[in-house]
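Chemist: Take this structure, written in structure tokens, and hold onto it; I'll ask about it next.
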Amino acid sequence: MTAPGCYTCAVEAEFDALPPRERVAYDRYWRVAHATGTSLPGWLVLLPRRHITAVHELTDAEAAGLGMWQVRLSRALRTVTGCEKTYVVQFAEAEGFAHVHFHIVPRAGDLPPEYRGPGVFGLLRRPAEQQVAEGRADGIARAIGAELGGA
């Protein structure tokens, strides 16, 4: 099920042709992508593969997988990026991004205080020259996928 004007649904419709950064890992219910527009390597987004706009719309099967994905991705990020912890955040309020999605954000020990907690969103929508390059995001995606065992 897709929705017109939904960025996530438009990307999902091209699933078979997606680059590694848009297909870090996936199963029947969830797809993991490296965030776009961020200057933070390893910022992941966990996306339901069908269009929903609120967490209460998850099926029991989708909900069962949600916790597993959040923990597995957090572990993989710790291994791949060396982060101390991860933030898990869900808002789905931006125009064109109402499709439920969970940010799984690596928080390094040396992250400046102004970018800790909700301030981490200051590392999104960065100027092009500050964004994680597509090739680097693809490399991180492959490393995380390998850490997950090709999940």
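Chemist: As I understand it, the dipole of the chain uses +1 on the Cβ of Lys and Arg and -1 on the Cβ of Asp and Glu, about the Cα centre. Which of Gly96, Leu111, Ala133 lies farthest toward its positive end?
Modeler: Leu111
Chemist: Does the stretch 8-104 come out rounded, prolate or oblate by the C-alpha gyration tensor, with a ≥ b ≥ c the root eigenvalues, rounded set by a/c under 1.5 and, if not, prolate when a/b is larger than b/c and oblate if not?
Modeler: Working: a/c = 1.44, a/b = 1.24, b/c = 1.16.
Because its axes are fairly even, with a/c under 1.5, the stretch 8-104 counts as rounded.
Chemist: What percentage of the solvent-accessible surface of the chain, computed with a 1.4 Å probe over protein heavy atoms, is contributed by carbon and sulfur atoms?
Modeler: Its accessible area is 53 percent carbon and sulfur atoms.
Chemist: Whenever you get a sec, line up Tyr29, Tyr87 from highest to lowest accessible area (probe 1.4 Å, protein heavy atoms). Show your work: numbers first, answer last.
Modeler: Numbers: Tyr29 70, Tyr87 40 Å².
If we order Tyr29, Tyr87 from most to least accessible, we get Tyr29, Tyr87.
Chemist: Let me know the shape class of the stretch 31-74, please: from the alpha-carbon gyration tensor, a ≥ b ≥ c as square roots of the eigenvalues, rounded when a/c is under 1.5, otherwise prolate if a/b is greater than b/c, or oblate.
Modeler: oblate
Chemist: Ok, one more. Of the candidates Thr59, Thr79, Thr38, which one comes out as most mobile in a Gaussian network treatment of the chain with C-alpha springs shorter than 10 Å?
Modeler: Taking springs between Cα atoms under 10 Å, the residue moving most is Thr59.
Chemist: Under a crude label model (7 Å from the Cα following the beta-carbon direction), how far is Ala54 from Asp110 in nanometres?
Modeler: 4.4 nm
Chemist: Shifting gears a bit: In the neighborhood of Ala141, defined by Cβ-to-Cβ distances under 12 Å, what is the net charge if each Lys or Arg adds +1 and each Asp or Glu adds -1?
Modeler: +1
Chemist: Per residue, how large is the accessible surface of the chain? Use a 1.4 angstrom probe and give square angstrom.
Modeler: It amounts to 51 Å² per residue over the chain.
Chemist: Pulled fully out, how much extra length does the chain show between Val88 and Asp27, if you take 0.36 nm times their separation in residues and subtract their Cα-Cα distance?
Modeler: Contour length minus the Cα-Cα distance gives 20.0 nm.
Chemist: What's the magnitude of the charge dipole for the chain around its Cα centre, counting Lys and Arg as +1 and Asp and Glu as -1 at the beta-carbon? Answer in Debye, nearest 20.
Modeler: It comes to approximately 380 debye.
Chemist: Still on this structure, I have one more. Dividing the convex hull volume of the alpha carbon atoms of the stretch 38-151 by its residue count, what do you get in Å³ per residue?
Modeler: With only Cα atoms used, the stretch 38-151 gives 116 Å³ per residue.
Chemist: Express in whole angstrom the spacing between the alpha-carbon centres of the stretch 1-32 and the stretch 88-151.
Modeler: Answer, in whole Å: 16.
Chemist: At 0.36 nm per residue, and after removing the present C-alpha to C-alpha distance, how many nm does the segment from Ala128 to Ser39 gain when stretched out fully?
Modeler: Fully extending the segment from Ala128 to Ser39 adds 31.1 nm.
Chemist: Considering the chain, which cysteines have no disulfide-compatible partner, defined as another cysteine with its Cβ under 4.7 Å away?
Modeler: So, Cys83.
Chemist: Which residues' amide hydrogens lie under 5 Å from the amide hydrogen of Leu40, considering only partners 5 or more residues apart or on another chain, with H built in the peptide plane?
Modeler: Under 5 Å from the amide H of Leu40: Val132.
The values are calculated or read from the model by the stated rules, or taken from the named source; none is laboratory data. Values in this document were obtained by computation on a predicted structure and should not be read as measured data. Glycine gets a Cβ as well: all are built from the backbone with ideal geometry, and neighbour counts include every protein chain shown. When the accessible area is computed, the model is the full protein with side chains, heavy atoms only, and any ligands, DNA or RNA have been set aside. Shrake-Rupley method; radii C 1.70, N 1.55, O 1.52, S 1.80 Å.
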